[in-house]
Every structure is written in C-alpha cells, then in structure tokens.
1. Find the residue count for the stretch 63-93, including only residues that are more than 15 Å from the chain's Cα centre (by Cα) and under 11 Å from C50 (Cα atoms).
2. Here's a check for you: in the stretch 18-34, which residue that is of a type in the set (G, A, S) and out of contact with any Phe, Trp or Tyr (no Cβ under 8 Å at 6 or more places or on another chain) is nearest to D61 (Cα to Cα)?
3. If I ask for residues that are part of a loop (DSSP other than H, G, I, E, B), in contact with a strand residue (DSSP E or B) (Cβ under 9 Å, 6 or more places away or on another chain) and not acidic (D, E), which ones from the stretch 126-151 would you list?
4. Have a look at Y56, Y27 and point out the one that is within 19 Å of V134 (Cα to Cα) and not small (G, A, S).
5. Would you point out which residue out of A144, A149 is surrounded by fewer than 15 Cβ atoms within 10 Å (Cβ to Cβ), out of contact with any His (no Cβ under 8 Å at 6 or more places or on another chain), small (G, A, S) and within 20 Å of C50 (Cβ to Cβ)?
6. State yes or no: is F123 assigned to a strand (DSSP E or B), under 21 Å from R136 (Cβ atoms), open to solvent by less than 40 Å² (accessible area, probe 1.4 Å) and of a type in the set (F, W, Y)?
7. Starting from the stretch 24-41, keep only residues that are in contact (Cβ under 8 Å) with a residue 12 or more places away in the chain and farther than 17 Å from P87 by Cα, then list their pairs with residues that are part of a strand (DSSP E or B) and β-branched (V, I, T) whose Cβ atoms are within a distance under 6 Å, requiring at least 6 positions of separation or different chains.
8. Looking only at strands (runs of 3 or more DSSP E) that fall completely inside the stretch 1-120, which ones have 2 or more residues that are open to solvent by 70 Å² or more (accessible area, probe 1.4 Å) and of a type in the set (D, E, K, R)?
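The values are calculated or read from the model by the stated rules, or taken from the named source; none is laboratory data. As the structure is a computational prediction, the values presented were derived from the model and not from experiment. Positions of Cβ are backbone-derived with ideal geometry, glycine not excepted, and every protein chain shown enters the neighbour counts. Only protein heavy atoms, including side chains, enter the accessible area calculation; ligands, DNA and RNA are left aside. Shrake-Rupley method; radii C 1.70, N 1.55, O 1.52, S 1.80 Å.
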Amino acid sequence: MILEAGMKAPDFTLRDGAGKEVSLSDYRGRKVVLYFYPKDNTPGCTRQACAFAGAYAGFRDKGVQVIGVSRDSIESHRKFAEKHDLPFVLLSDPDLQVIQAYGVWGEKKLYGKVSFGVTRTTFLIDENGIIRKVMRKVKPDTNAQEILAEL
C-alpha cells in the first residue's frame with residue numbers, strides 16, 4: 001500500500017539504540033518527522049543524519065520529534081548515533097515490519113544494478129497521527145532543511 005498525505009500513519013513499536021521500545025503513538029500531540037534510510041555509516045545516510053542533527057535545534061524549537069528508521073541493528077544505531085552526536089531517535093527494524101508498512105522497501109538501481117532495499121523517504125506526521133507530507137527519493141544533504149522550511 002502506498003501511503004499518501006491525508007492518511008493515518010501506521011502506528012508501530014521498535015527499539016532504539018539503547019534497546020528501549022519506542023512507539024509512534026508516544027508522540028501523539030507533537031509533529032513527527034519520520035525518515036527512512038538505507039544503512040548506518042554509509043556516505044549518503046551519514047550526510048542525511050548529520051544534516052538532521054545540524055537542523056535539530058530548529059525542529060526542537062517547533063516542538064517536532066525527529067525519528068530515523070533503518071534495518072540496522074540496535075547496536076549499529078547506538079554506535080552510529082554516538083559517532084556522529086545524533087540528538088534524535090534511531091529505530092531498528094530488522095524484520096522490515098515498519099519499513100514495509102510505510103511502503104519504503106522496493107527496487108533500487110545503482111550503477112545499472114538492480115537490488116531491493118529501503119528507499120530514502122521522509123514522512124511529516126501531524127499531532128493527530130495524520131501524514132501531512134510524503135517526500136520520496138529525498139536528497140540526503142537537503143532533506144532536513146526542506147522539511148524545516150515546510151514547517
């Protein structure tokens with residue numbers, strides 16, 4: 001199913017880098033930027049995470065929670081967040097439950113090779129759990145600023 005603006009965001013519970021369970025519903029009453037990315041410590045994903053970290057004060061000032069999701073392990077997320085001083089939540093979805101619920105698992109082409117993986121996608125979810133914006137195939141360097149401008 002393709003999620004679009006105006007639809008209810010699927011609720012979920014995943015573990016963060018400390019192994020603590022985090023649910024989307026924990027943030028009801030606040031806006032949430034939920035971004036899906038392919039892999040910790042790869043160049044594009046690191047640039048995207050660092051861009052969100054750089055813009056984090058702006059999100060915090062607007063009362064917005066930033067959450068990143070990938071297939072990486074809890075331990076990988078912990079190390080990635082520590083290495084780059086990431087001030088927001090990273091959630092581990094090794095079974096692809098949330099990744100598939102949000103429709104961000106799909107065919108990717110890189111240098112003519114076709115593979116399957118997480119497509120870099122960002123959702124802006126309002127205080128009532130409704131998707132307000134879906135950004136597909138986002139650019140790692142500009143994604144955080146684009147969303148901040150949207151707010």
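1. Looking only at that region, the number is 3.
2. We begin by selecting, within the stretch 18-34, every residue of a type in the set (G, A, S); these are 18-19, 23, 25, 29.
Still in the running and out of contact with any Phe, Trp or Tyr (no Cβ under 8 Å at 6 or more places or on another chain): 18-19, 25, 29.
Working: A18: 25, G19: 27, S25: 21, G29: 15 Å.
Restricting to residues being of a type in the set (G, A, S) and out of contact with any Phe, Trp or Tyr (no Cβ under 8 Å at 6 or more places or on another chain), the top hit is G29.
3. Within the stretch 126-151, the first condition is being part of a loop (DSSP other than H, G, I, E, B), and the residues that meet it are 126-129, 137-142, 151.
From what's left, in contact with a strand residue (DSSP E or B) (Cβ under 9 Å, 6 or more places away or on another chain): 126-129, 137-138, 151.
Passing the criteria: N128, G129, K137, V138, L151.
4. Working: Y56 fails: within 19 Å of V134 (Cα to Cα).
Being within 19 Å of V134 (Cα to Cα) and not small (G, A, S) holds for just one of Y56, Y27, which is Y27.
5. Working: A144 fails: surrounded by fewer than 15 Cβ atoms within 10 Å (Cβ to Cβ).
Testing whether each residue is surrounded by fewer than 15 Cβ atoms within 10 Å (Cβ to Cβ), out of contact with any His (no Cβ under 8 Å at 6 or more places or on another chain), small (G, A, S) and within 20 Å of C50 (Cβ to Cβ) leaves just A149.
6. Working: assigned to a strand (DSSP E or B): yes; under 21 Å from R136 (Cβ atoms): yes; open to solvent by less than 40 Å² (accessible area, probe 1.4 Å): yes; of a type in the set (F, W, Y): yes.
It is true that F123 is assigned to a strand (DSSP E or B), under 21 Å from R136 (Cβ atoms), open to solvent by less than 40 Å² (accessible area, probe 1.4 Å) and of a type in the set (F, W, Y).
7. As it stands, the answer is P38/V118, since those pairs meet every condition given.
8. Per the criteria, 105-110.
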